[in-house]
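> One structure coming up, written as structure tokens, with questions to follow.
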Amino acid sequence: MKTYDAKDIRNVLLVGHGGSGKTTLLESMLFASGAITRMGTVEDGNTVSDHDPDEQHRQISVSLSMAPIEWNDVKINVLDAPGTADFVGDVRSAVRAADAVIVVVSAVDGVEVQTEFAWELAVQEDLPRAVFVNKLDRERADFPATLDQLVSSFGNQVAPFELPIGAESEFSGIADLLHEKADLYPSGPKAEESEWPDEIHQIADPAREKLHQIADPAREKLIEAVAESDDALIEQYLEEGTLPEAVITRGAKDGFTNARLAPVFVGSASKAIGIDRLLDFIVEEFPSPLDRAPLPVIAKGGEEKERACDPNGPLSAFVFKTVSDPFVGHITMFRVFSGKVRPDSSVHNATQGTDERIGQLFALKGKEHETVSEVPAGDIGAVAKLPHTHTGDTFATKDDPVQLAPVELPEPLLAYAIAPKTKGEEDRLATGLARLREEDPTFRVARNDETHETVIYGMGEAHLGVQMERLKAKFGVEVEAKPAKIAYRETIRAKAKAQGRHVKQSGGHGQYAVCEIEVEPLPRGEGFVYEDKIFGGAIPQQFIPSIEKGIVKTMSEGVLSGNPMVDIKVTLVDGKFHSVDSSDMAFQIAGSLALKEVVEQAGVALLEPIVQLQVTVPESFTGDIMGDLNAKRGKIQGMDQLSGGKQVINAMVPQGEVARYVIDLRSMTGGRGAFSMTFSHYEEMPQHLAQKVIDEYQHAREEAHKK
Ligand SMILES: Nc1nc2c(ncn2[C@@H]2O[C@H](COP(=O)(O)OP(=O)(O)OP(=O)(O)O)[C@@H](O)[C@H]2O)c(=O)[nH]1
Ligand SMILES: [Mg+2]
């Protein structure tokens with residue numbers, strides 16, 4: 001592929017709710033541009049973008065992918081982001097690589113949760129936003145209703161640039177509101193210009209059983225949006241009640257590039273209707289990297305600097321995605337903001353503080369690689385086998401190692417404990433997990449030494465499901481998954497006193513150790529105190545620590561529930577020894593026995609971890625959320641009002657009650673809620689619930705002994 005100057009590059013990210021048609025839109029763009037001769041479909045699993053076996057199996061995108069489209073001598077790097085909430089990490093990184101987004105909305109389902117999320121993200125990044133209303137060929141497609149939803153969700157900046165001609169299976173073309181002409185698609189992706197059809201003024205809607213005007217109000221909405229996108233224009237509009245043609249056209253385009261107006265395009269990705277028009281608009285009106293404001297970067301000392309899009313400037317490039325390829329291993333996808341990356345050269349990874357050897361450079365088209373001779377400022381490229389580089393890193397120069405601000409990624413909050421199905425595969429599992437972790441910053445792996453579990457953390461069930469499938473498919477390890485254990489703690493309820501006797505003196509080398517201890521509960525968080533109150537040499541000095549060792553070991557294993565015991569004071573008050581048969585081990589055992597005996601009397605309480613939960617939801621869900629948190633034994637601490645009709649609910653909740661909160665919250669709010677969770681403290685668990693935990697542990701132990 002030839003090298004393009006920045007002025008002839010467009011970096012466009014497709015975002016929107018899962019299933020709205022982003023992957024199919026990219027497929028039809030490739031088809032309309034002649035890059036592919038036949039369109040694949042998601043159903044057939046043969047699209048360019050959904051090339052991962054998991055994607056073909058699930059018929060959804062699970063990972064960001066891209067393809068370059070060459071249209072009218074301009075290179076359009078189209079990034080196809082997954083629309084499922086579990087994979088938002090990829091969307092958040094991808095917005096960094098784009099200069100504008102297209103929000104894809106299904107005309108059947110309208111504005112959905114991830115549509116809103118994607119929109120908000122583009123607003124946060126101040127990226128120009130266009131909307132593509134897709135699936136107009138489908139039964140029950142409803143453009144007027146979708147447009148209404150767009151305006152009510154995102155405001156008057158939403159401006160229809162096009163209207164569909166024909167509905168559902170009759171959908172056959174597009175009426176251009178800006179230029180008052182029409183394009184029909186009798187066959188294939190190429191438009192045939194035609195007159196503004198009469199019918200566009202009226203559209204029969206059997207459902208609504210009424211005729212209503214659509215073109216003129218839509219055009220009015222467009223003119224209003226143009227006027228509102230610029231202070232000077234609003235004045236002119238208020239004075240004259242409309243705007244001259246040329247002003248509308250210019251204003252609409254400026255409004256878009258200034259992210260103050262969101263043009264709405266219509267079409268059908270499956271039928272490739274309206275795609276050539278969309279590509280025309282991208283080439284003519286979407287910002288090139290040169291149109292972007294210089295990029296803020298952070299220099300070594302923390303000083304803020306800027307990087308303009310200049311191929312001759314110092315290198316700064318951002319790694320927005322890492323994928324694993326079955327043949328070449330790791331592939332690093334990066335966007336160059338200044339300078340250029342050349343093959344067979346070295347770049348400085350400013351984030352990791354190390355140099356990386358760049359081999360061959362290529363442009364990715366789904367899973368295909370097309371070699372390129374360089375990746376200049378404004379363009380996106382890929383390189384394989386960089387050992388030290390991760391998503392979110394910045395390439396720069398050694399003498400000026402600037403970095404881009406890190407991408408804020410959501411915290412993975414769904415935890416599964418996993419183990420290989422087949423014994424002896426622990427190493428291969430560890431390798432696989434490390435690789436998957438490197439590729440996906442929203443995937444976490446931790447070894448919990450307390451519960452002795454390997455725990456994987458992800459954004460949701462689909463996310464962890466995909467990762468476990470990849471462990472099997474790519475690393476040959478099949479795993480068993482179960483909810484991660486909650487790290488409970490044991491403690492005692494009252495003071496008590498007991499003896500531990502370990503006496504075995506029936507022939508051969510005897511064992512003799514007796515110790516007497518008192519225990520008392522300590523305030524939360526005080527840990528363990530051991531006091532020696534032996535008088536008169538009842539137990540020789542060298543065995544005092546042995547008793548402590550035995551007690552500490554038993555505490556770490558827990559007495560009733562397999563969870564470590566904490567916050568107790570043990571006072572060694574008496575004991576007996578034998579000059580021959582007493583030993584370090586004998587007194588360790590006596591100490592352990594004494595503890596088991598004494599806690600029986602003192603009563604064991606289970607402590608459960610309490611987390612600080614912060615739940616952000618649209619106001620309308622507050623009641624449900626609070627009711628649910630109360631049912632989860634949560635203590636509401638307060639609420640804060642946010643802009644945009646959202647509320648933050650702060651609560652302290654037992655961790656065990658919110659282990660699956662990712663899933664609960666999504667089902668309660670239809671995916672409109674978000675939450676964060678941090679460990680706060682331990683609290684005593686109600687006895688009846690504690691008993692259930694203890695019974696489960698005892699039962700599991702008995703089962704394990706039977707095997
Ligand atoms: N009838 C019709 N179906 C479409 C159109 N566009 C997409 N589809 C279908 O809608 C379904 C979802 O399409 P995708 O392209 O996978 O949607 P997506 O936005 O990439 O979904 P995620 O990857 O999950 O975010 C598939 O079954 C497509 O065949 C369209 O214009 N018309
Ligand atoms: Mg997709």
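The values are calculated or read from the model by the stated rules, or taken from the named source; none is laboratory data. The model shown is predicted, which means the values in this text are computed figures rather than measured ones. Cβ coordinates were reconstructed from backbone atoms using ideal geometry, including for glycine residues, and neighbour counts include every protein chain displayed. The area values use the complete protein model at the heavy-atom level, side chains included, leaving out ligands, DNA and RNA. Shrake-Rupley method; radii C 1.70, N 1.55, O 1.52, S 1.80 Å.
> Give me the angle, in degrees from 0 to 90, between the Cα long axis of helix 22-32 and the longest principal axis of the Cα atoms of the chain, rounded to the nearest 10.
Helix 22-32 sits at roughly 40 degrees to that axis.
> May I pose another question? Quick check: residue separation of E43 and S345 times 0.36 nm, minus the Cα distance between them. What number comes out in nm?
104.5 nm
> In percent, how large is the relative contact order of the chain, given Cα pairs closer than 8 Å and 6 or more residues apart?
Taking the mean separation of contacting Cα pairs over the length of the chain, I get 10 percent.
> Something else: Lysine pairs, Cα distance under 12 Å, 8 or more residues apart or cross-chain: how many in the stretch 490-602? Write down the numbers at each step before the final one.
On the way: K495/K569; K497/K569; K497/K596; K553/K596.
So the count works out to 4.
> While we're here: Any idea what the dipole of the stretch 608-688 comes to, in debye rounded to 20, about its Cα centre with Lys/Arg Cβ at +1 and Asp/Glu Cβ at -1?
220 debye
> Moving on to the next point. Treating only the Cβ atoms of Lys and Arg (+1) and Asp and Glu (-1) as charged, compute the dipole magnitude of the stretch 360-458 about its Cα centre; round to the nearest 20 debye.
400 debye
> Can you tell me which lysines have their Cα less than 21 Å from the Cα of K421? Leave out same-chain residues fewer than eight positions away.
K472, K474, K482, K485, K706, K707
> Right, another one. Taking amide H positions as placed 1.01 Å from N in the peptide plane, with prolines and chain starts having none, which residues 5 or more places from E453, or on another chain, fall under 5 Å of its amide H?
Under 5 Å from the amide H of E453 lie the amide H atoms of N448, each far enough along the sequence or on another chain.
> Also: Which order, highest average first, do 23-29, 311-317 follow once you tally other Cβ atoms within 10 Å for each residue and take the mean per peptide? Before the final figure, lay out each step's value.
Working: 23-29: 28.0, 311-317: 19.1.
In descending order of packing, they fall as 23-29, 311-317.
> Among bridges DSSP assigns within the stretch 490-602, what percent are antiparallel (round to 5)?
Numbers: 18 of 24 bridges.
Rounded to the nearest five, the antiparallel share is 75 percent.
> What residues qualify as long-range amide H neighbours of V372, i.e. H under 5 Å apart, gap of 5 or more or another chain, H built at 1.01 Å from N?
When sequence neighbours closer than 5 places are left aside, the close amide H contacts are L361, F362, A363.
> With N residues in the stretch 490-602, what two-decimal value do you get for its Cα radius of gyration over 2.2 N^0.38 Å?
1.03
> Can I ask one more? Assuming R0 = 25 Å, what is the FRET efficiency of N630 and E411, from their Cβ-Cβ distance, to the nearest 0.05?
That pair, N630 with E411, gives E of 0.55.
> Based on alpha-carbon atoms only, what is the radius of gyration of the stretch 295-396 relative to the globular estimate 2.2 N^0.38 Å?
Computed over Cα atoms of the stretch 295-396, the ratio equals 1.02.
> Moving on. Starting from the amide H of I165, placed 1.01 Å from N in the peptide plane, find each other amide H under 5 Å away whose residue is 5 or more places distant or on another chain.
Correct list: S172, G173, I174, A175.
> Report the gain in length on full extension from S680 to S194: 0.36 nm times residue separation, minus Cα-Cα distance, nm rounded to one decimal.
168.3 nm
> Along the Cα→Cβ direction, 7 angstrom out, place labels at T397 and A293. What is the inter-label distance in nm?
About 2.6 nm separates the two model spin labels.
> Something else now. With axes computed from alpha carbons, what is the tilt in degrees of helix 584-602 against the longest principal axis of the chain, rounded to the nearest 10 within 0 to 90?
With rounding to tens, the tilt is 70 degrees.
> Continuing with this model, one more query. Apply 1/(1 + (r/R0)^6) to the Cβ-Cβ distance of T3 and Q352, taking R0 = 22 Å, and write down the FRET efficiency to the nearest 0.05.
According to the calculation, E is roughly 0.20.
> Decide, for the stretch 414-485, between rounded, prolate and oblate: order the square roots of the alpha carbon gyration tensor eigenvalues as a ≥ b ≥ c, take rounded if a/c falls under 1.5, and otherwise choose prolate if a/b is larger than b/c, else oblate.
Judged from the Cα gyration tensor, the stretch 414-485 comes out rounded (a/c under 1.5).
> What's the longest piece of the chain with no exposed chymotrypsin sites (Phe, Trp or Tyr not before Pro), counting a site as exposed if DSSP puts it in a loop and it has at most 12 other beta carbons within 10 Å?
Result, exposed sites excluded: 1-326.
> Can I ask one more? With a 1.4 Å probe and every protein chain left in place, work out the accessible area per residue of the stretch 526-639 in Å², rounded to a whole number.
Here the residues of the stretch 526-639 average 43 Å² of exposed surface.
> At a Förster distance of 41 Å, what's the computed FRET efficiency of Q637 paired with H705, Cβ-Cβ distance as r, to 0.05?
On the way: r = 44 Å, r/R0 = 1.07.
That gives a FRET efficiency of 0.40.
> Among V529, V611, S373, pick out the residue whose Cα is farthest towards the positive end of the charge dipole of the chain, where Lys and Arg carry +1 and Asp and Glu carry -1 on C-beta, about the Cα centre.
After comparing all options, I get V529.
> Next question, about the same structure. Using the Karplus curve 6.51 cos²θ - 1.76 cosθ + 1.60 with θ = phi - 60°, what ³J(HN,Hα) values do you get for each residue of the stretch 683-700, in whole Hz, with x for Gly and Pro?
Per residue, the Karplus-derived 3J(HN,Hα) values read 9, 5, 8, x, 3, 5, 6, 4, 4, 5, 4, 5, 4, 4, 5, 4, 4, 4 Hz.
> Label-point separation (nm) for L522 and E70, each offset 7 Å from Cα along Cα-to-Cβ?
7.3 nm
> Which lysines have a Cα less than 22 Å from the Cα of K221, not counting those fewer than 8 places away in the same chain?
Hits, sequence-local ones excluded: K181, K210, K253.
> Please list 3J(HN,Hα) in residue order for the stretch 225-238, calculated via the Karplus relation 6.51 cos²θ - 1.76 cosθ + 1.60 where θ = phi - 60°; whole Hz, with x for glycine and proline.
Per-residue couplings from phi come out as 5, 4, 4, 6, 7, 8, 4, 5, 5, 4, 4, 4, 5, 5 Hz.
> Full-extension gain between A246 and E125, please, as 0.36 nm times their residue separation minus the C-alpha to C-alpha distance.
On the way: separation 121, 0.36 × 121 = 43.56 nm, distance 2.98 nm.
Extra length from A246 to E125 when fully extended: 40.6 nm.
> Answer with one residue from G392, T354, V328: the one whose Cα lies farthest towards the positive end of the charge dipole of the stretch 322-454, charges on Cβ with Lys, Arg +1 and Asp, Glu -1.
V328
> Checking a compactness column here: for the chain, what do you get for Rg(Cα) / (2.2 N^0.38 Å), N being the number of residues?
This ratio for the chain stands at 1.22.
> Same structure, new question: About the Cα centre, and with charges only on the beta carbon of Lys, Arg (+1) and Asp, Glu (-1), how big is the dipole of the chain? Nearest 20 debye, please. The partial results should precede the final answer.
Values: 73 positive and 112 negative charges, 684 e Å.
Charge dipole of the chain: 3280 debye, to the nearest 20.
> Which residues among the stretch 630-652 fall inside the zone where the amide N is under 13 Å from a point 7 Å beyond the Cα of E619, along Cα→Cβ?
Those under the cut-off are 640-648.
> Here's something else I'd like to know. Return the sequence-ordered ³J(HN,Hα) values of the stretch 437-447 in whole Hz as given by the Karplus equation 6.51 cos²θ - 1.76 cosθ + 1.60 applied to θ = phi - 60°, using x for Gly and Pro.
For the stretch 437-447, the Karplus curve yields 5, 5, 7, 10, x, 8, 10, 10, 10, 9, 9 Hz.
> May I pose another question? For the stretch 11-156, what's the relative contact order in percent, using C-alpha pairs closer than 8 Å and at least 6 residues apart?
It comes to 27 percent, rounded to a whole number.
> From the residues N448, A434, G465, which one has its Cα farthest along the dipole of the stretch 414-485 in the positive direction, the dipole being from +1 and -1 charges on Cβ of Lys/Arg and Asp/Glu about the Cα centre?
The listed residue farthest towards the positive side: G465.
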